[in-house]
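Inspection log for the structure reproduced underneath, given as structure tokens.
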Amino acid sequence: MPNLRKLKKLPKLDMNPMVDMAFLLVSFFMMTTTFKTDTPAEINLPDSHSKVKIPERNMATITVSKDGRIFFGIDNKFKRARMLDVISTQAEISFTEHQRNVFSLQNSFGTPLNQLGDFLEERALGNKVEQHGIPADSTQNELKKWLLASRISNPSLRYSIHADQEVPYPIIHDCIESLRDLNITRFNLITVGDDSPS
Amino acid sequence: MIPPLEEIEVERIHKRSVSDSKAEKRNVNVDMNPMVDLAFLLLTFFMLATTFSKPFAMELLVPAKPKENAVEKEIPVKESKTLSLLLLEDKLIWYNGITDPEVNEMEYQSEKIDALIKTQIIQISGLVVLIKPHEKSNYGQLVQLIDLLNQNKSKRYAITECSNFDLKLINE
């Protein structure tokens, strides 16, 4: 009988250690976190044993998705806006102030120049847009124009290729040739570190 | 008139003891639940938004394009010091030298390629590796090969295009 009565009483649990733990984890994640960047397509990076850290600022990234579409992006919001200005004077396409603002918020983009305006309008409405990639072949090399514009907007940019491991080589060749044409002879290939001991 | 220092001190101590006893009497019970809720919310958010596999960069140096009006000033390399690696989708063709070489073929396996590079480095000092990716090879293979070269501390390599001779080899 006394046992039953005891059970009815609400058991008191000390939650403090759990809460301590939770806060510890929160602070840990807050310190160590690097946010997932919004990549336009899923990229399965190749492995390597390289241990070189990727610079955090002044980064220009050429992203190549598995199906061979090329995207381009630079890291600073203001530099992006300036890059668009350069491109619009060079290619003689005008953009509205609103489109310019939207462009400065895009991590990367992959549309041919003539579709960029429409793309920005769609993005302004928050829609996901199917992008066809920046043309980079020898007949019509828009990637080179963007590279040049990015160089003008930020001369200290460092370039890197962020490509899926299944991308056919000729597309990578186009990217490397575009970089070489602009005398960018030192760039990074982004890979996933392989932690296994070598 | 200003009271002497001791009196001020006494007053202060007195006052404090009064306020302290007041605070003790009032039992402050703060509800911690919202704070803890928020902590867990943040915790889940950070756990979901974080990436752990940090990517690393692999530096690649390519030669600058020669200027049109510039005089070619290429440094010749001895043919015998070169190792050409033809990257195909499922196999690797390799040979030493350029004119009339002895052509070898191997499966695409990183251990085998590693062994090949190691023996070549020992046999030939000042080895120059020419990487010739074929159209059908992919980026992953190229990166893997460069990585193997880097690991073996082979500093001199170049990515070049397939010559006619190479294309003939591939078609055979």
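Among (1) free of Cβ contacts under 8 Å to residues at least 24 places away in the same chain; (2) within 12 Å of chain A (Cβ to nearest Cβ), where does B:D147 come up short?
Just one mismatch for B:D147, condition (1).
Look through B:E7, B:E89, B:E24, B:E72 and report the one residue that is modelled with pLDDT under 75, charged (D, E, K, R) and either part of a strand (DSSP E or B) or surrounded by 10 or more Cβ atoms within 10 Å (Cβ to Cβ) (or both).
Numbers: B:E89 fails: modelled with pLDDT under 75; B:E24 fails: either part of a strand (DSSP E or B) or surrounded by 10 or more Cβ atoms within 10 Å (Cβ to Cβ) (or both); B:E72 fails: either part of a strand (DSSP E or B) or surrounded by 10 or more Cβ atoms within 10 Å (Cβ to Cβ) (or both).
After ruling out the rest, the residue left standing is B:E7.
With (1) part of a strand (DSSP E or B); (2) on the phi > 0 side of the Ramachandran plot as the list, and B:Y95 as the residue in question, which single condition is left unmet?
Here B:Y95 clears every test but (2).
With within 14 Å of chain A (Cβ to nearest Cβ), of a type in the set (S, T, N, Q) and out of contact with any His (no Cβ under 8 Å at 6 or more places or on another chain) as the only criterion, which of B:T44, B:T82, B:T99 stands out? Show your work before the answer.
Numbers: B:T82 fails: within 14 Å of chain A (Cβ to nearest Cβ); B:T99 fails: within 14 Å of chain A (Cβ to nearest Cβ).
Criteria check complete, one pass: B:T44.
Would you check if there is a residue in the range A:170-178 being more than 9 Å from chain B (Cβ to nearest Cβ) and acidic (D, E)?
The first filter runs over the range A:170-178 and keeps only residues more than 9 Å from chain B (Cβ to nearest Cβ), leaving A:174-175, A:178.
Remaining after also requiring acidic (D, E): A:174.
Among the residues of the range A:170-178, at least one is more than 9 Å from chain B (Cβ to nearest Cβ) and acidic (D, E), which makes the answer yes.
Based on this model, can you work out whether B:K81 counts as of a type in the set (D, E, K, R), surrounded by 11 or more Cβ atoms within 10 Å (Cβ to Cβ) and modelled with pLDDT under 85?
Numbers: of a type in the set (D, E, K, R): yes; surrounded by 11 or more Cβ atoms within 10 Å (Cβ to Cβ): yes; modelled with pLDDT under 85: yes.
So B:K81 passes the test.
Test of understanding: among A:Q115, A:Q165, which residue is assigned to a loop (DSSP other than H, G, I, E, B) and either more than 15 Å from A:R80 (Cα to Cα) or charged (D, E, K, R) (or both)? Lay out the reasoning, then the answer.
Values: A:Q115 fails: assigned to a loop (DSSP other than H, G, I, E, B).
Answer to the selection: A:Q165.
The values are calculated or read from the model by the stated rules, or taken from the named source; none is laboratory data. This one's a predicted model, so the numbers in the text were calculated from it and none came from an experiment. Backbone-built Cβ (ideal geometry, glycine too); neighbour counts: all protein chains shown.
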